[in-house]
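Colleague: The structure follows.
Just so it is clear, none of the values below were taken in a lab; they were calculated from the coordinates. Predicted, not measured: the structure shown is a model, and the values here were computed from it. Because the Cβ atoms are built from the backbone with ideal geometry, glycine has one as well, and the counts that use them run over all protein chains shown.
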Amino acid sequence: MNAVDTTAVTYAKLRATDPARWRATALAWRRWAALAGALCSEFGPLLDGLRASWSGPAAEAATAWLGALRGRLAFLRVVCWRADQALSEFAAALGRARALLDRARAAAGHSGLDIDDHGTVRGRPEAGQAIRSVAADLGAALAVAAQADATAAARLGPLAEVPAVPVAKSFPACGAPPAEVRRWWEQYTPAERNWLLVTEPAALAGVDGIPIADRDIANRLLLDDHRRQLDRLRAAGTDPDRVRDLRTGLDRLTARLEEEGTPRAYLVDLGLDGEGRAVVAFGDPDRSANVLTHVPGMTSDLKSLGGELSRAERVAVRAGELGPGRATSAVLWLDYDAPDFVPEAASARQARDGAPHLTRFQEALRVTHEGEPAHQTVLGHSYGSLVVGKAAAAGGLPADAVVFVGSPGVGVDSASQLQFPADQVWATTSVSDPIRYAAAAPKELLLPDLPGSKRHLWFGRDPSQPGFGARVFPSQLDAGHLGYWDRGEPTLDALTRITLGGTP
């Protein structure tokens, strides 16, 4: 088949396809994984009861058989999630391709052009510029669709492989660099990796350097273990309010992981220490051209995760609308102990402690990414901006841009102290954001917002003031402290364009 025929076939398929049907198919696989998980959960009590009431060779054979069956069900869950991941990303790519196609067809209609059944744009000779513009969108749409088809086929093919238990090898040392972890993981075949996820999920779930899709599966396999951990904490007399809050947060997070919609959520990390921590990505960062890491601020914990998830997700969704030619992922990174109260937030300790972990996570995103490096943006909101500032000031933060939103200061008085390209340091604070009054001294509030101003907030000069040296972009007047991500407002579009590697 020649190039013209291939283009015509791709165009015909794209016109006929419905991304929603592929999303529904992905959801069906996700539900099969949930059903297999429910069956797996029945095996624990069953095996315990069997061992308590029956002994001897026959009993041992029966329990061994049931244990093997439980392992096969767990393996089935892994395969189901693999299919879910591949089809979810396929549906998302088709959605972006259809958006480009619809844009091309609308522009063609507006300019009096015609797109024939072979995907060729035709019109009057004087409409050359319009023809080129429509043809560019059409070509981009077909390229996105063709790449999505090839990628999905390559990912779904290995799922039919028969699993084999890998040769025993020692795990990388604790704290091994992400690049070393990735090399270790690449030693195994896809089937062997699946089996390792079934047998060693706890050893893989939180390891930087393991690909995001694999960590998602490991963490999903551990959700039942986390619920049992909460049961043990409650039985041990742990603070009931803390246990209740953790369970509420875990239930809400689980519901988001199971729901239909795009972009798909990836559970990158989860912990029940303290008030809980989680890292969740919308869209697969390893397969996205643009990756935003959103670092939240004070009072962020597992129970309150819903609002932060929504804010990160809105950027991913808006990126698909403003930049449909390339995939974008947004990651909520709550992998540090965010302050709970104002006295805690007055100290930089938790930001200092969290900054190295953020840097390592960004390094891991570089290491596990497929293809050309992604454009990585790190956004800190409120106290989270101090975490980002500490990471940038220490040097070596693997990112292409940093953004400070509603910041109380980032630990330095100038963008030049961040050891980061100043032209890729962005900041905004709404005039209605009360964080503007988090000054180190009352007299600071009287200083004007002018170039050269040395107005200081609690953690240094306000990065949204011209004197700091960041590239300041406006936000809506009524944003307050949390409204920067409100749909339909200019700040969301500005944050999205920075994520896409552009300017607000």
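Colleague: To the nearest whole percent, what portion of all C-alpha pairs in the stretch 331-382 is separated by more than 17 angstrom?
Modeller: 44 percent
Colleague: Continuing with this model, one more query. Can you run the Rg to Rh ratio on the stretch 199-247? Use alpha carbon positions and the Kirkwood inverse-distance Rh.
Modeller: Rounded to two decimals, Rg over Rh is 1.11.
Colleague: Separate question: Farthest toward the dipole's positive end in the chain, which of A255, A470, Y336, given Cβ charges of +1 (Lys, Arg) and -1 (Asp, Glu) about the Cα centre?
Modeller: Most positive-ward Cα: A255.
Colleague: Related question: Put +1 on the Cβ of every Lys and Arg and -1 on every Asp and Glu Cβ in the chain; which of P125, G175, L76 then has its Cα farthest towards the positive end of the dipole?
Modeller: P125
Colleague: In whole Å, what are the Cα extents of the stretch 19-144 along the three principal axes, biggest one first?
Modeller: 89, 18, 17
Colleague: Rg and Dmax of the stretch 317-356, using alpha carbons, in Å: what are they?
Modeller: That works out to 16.2, 46 Å for Rg and Dmax.
Colleague: Also, quick follow-up: What FRET efficiency, computed as 1/(1 + (r/R0)^6) with R0 = 56 Å and r the Cβ-Cβ distance, is obtained for A62 and D18, rounded to the nearest 0.05?
Modeller: Result of the calculation: an efficiency of 0.70.
Colleague: Sorted by mean Cβ packing within 10 Å, highest first, what order do the peptides 16-25, 319-328 take?
Modeller: 319-328, 16-25
Colleague: Compute the distance in nm between two label points, each set 7 Å from the Cα along the Cα-to-Cβ direction, one at R72 and one at E370.
Modeller: 3.0 nm
Colleague: Could you run the Karplus curve 6.51 cos²θ - 1.76 cosθ + 1.60 with θ = phi - 60° over the stretch 296-311 and give me ³J(HN,Hα) per residue in whole Hz, x for Gly and Pro?
Modeller: With coefficients 6.51, -1.76 and 1.60, one gets x, x, 4, 6, 6, 7, 5, 5, 8, 5, x, x, 5, 4, 4, 5 Hz.
Colleague: For the stretch 67-217, what mean projected area does the convex hull of the alpha carbons give, in nm²?
Modeller: 12.2 nm²
Colleague: Counting Lys and Arg as +1 and Asp and Glu as -1, each charge on the Cβ, what is the dipole of the stretch 335-379 about the Cα centre in debye, to the nearest 20?
Modeller: With Lys and Arg at +1 and Asp and Glu at -1, about 160 debye.
Colleague: When the convex hull of the Cα atoms of the stretch 244-311 is projected onto a plane and the area is averaged over all directions, what value comes out in nm²?
Modeller: 4.7 nm²
Colleague: Stokes-Einstein diffusion coefficient for the stretch 294-369 at 10 °C in a medium of 1.306 mPa s, Rh from the Kirkwood formula over Cα pairs: what value in µm²/s?
Modeller: Result for D is 113 µm²/s.
Colleague: Here is a follow-up. Karplus couplings for the stretch 187-193 from phi (6.51 cos²θ - 1.76 cosθ + 1.60, θ = phi - 60°), rounded to Hz, Gly and Pro as x?
Modeller: So the J values, rounded to whole Hz, are 5, 9, 6, x, 5, 5, 5.
Colleague: On to the next question. Highest first, please rank the peptides 224-234, 282-292, 413-423 by the mean number of other Cβ atoms sitting within 10 Å of their residues.
Modeller: 282-292, 413-423, 224-234
Colleague: Test of understanding: extend the Cα→C-beta vector of T199 to 7 Å, then name every residue of the stretch 69-89 with backbone N under 14 Å from that spot.
Modeller: Under cut-off, by backbone N: 71-72, 75.
Colleague: Just order 478-487, 306-315, 400-409, 380-389 by mean Cβ neighbour count inside 10 Å, highest at the front, would you?
Modeller: 380-389, 400-409, 306-315, 478-487
Colleague: Next question, about the same structure. With both bridge residues required to lie in the chain, what share of the DSSP beta bridges run antiparallel, to the nearest 5%?
Modeller: The antiparallel proportion sits near 40 percent.
Colleague: What does the extension gain come out to for A422 and D231, with contour length at 0.36 nm per residue minus their alpha carbon separation?
Modeller: Once the chain is fully extended between A422 and D231, it gains 63.8 nm.
Colleague: Let me have the 222 nm mean residue ellipticity of the chain computed from DSSP H runs of 4+ only, each contributing -39500 (n - 2.57), with the sum over all residues rounded to the nearest 500.
Modeller: Counting only the DSSP helices, I get -17500 deg cm²/dmol.
Colleague: How big is the dipole moment of the chain about its Cα centre under a simple scheme where the beta carbon of each Lys and Arg is +1, that of each Asp and Glu is -1, and everything else is neutral? Debye, nearest 20, please.
Modeller: 260 debye
Colleague: Can you tell me, using C-alpha contacts under 8 Å and at least 6 residues apart, the relative contact order of the chain as a whole percent?
Modeller: Relative contact order here is 11 percent.
Colleague: Express in whole angstrom the spacing between the alpha-carbon centres of the stretch 191-248 and the stretch 294-317.
Modeller: 20 Å
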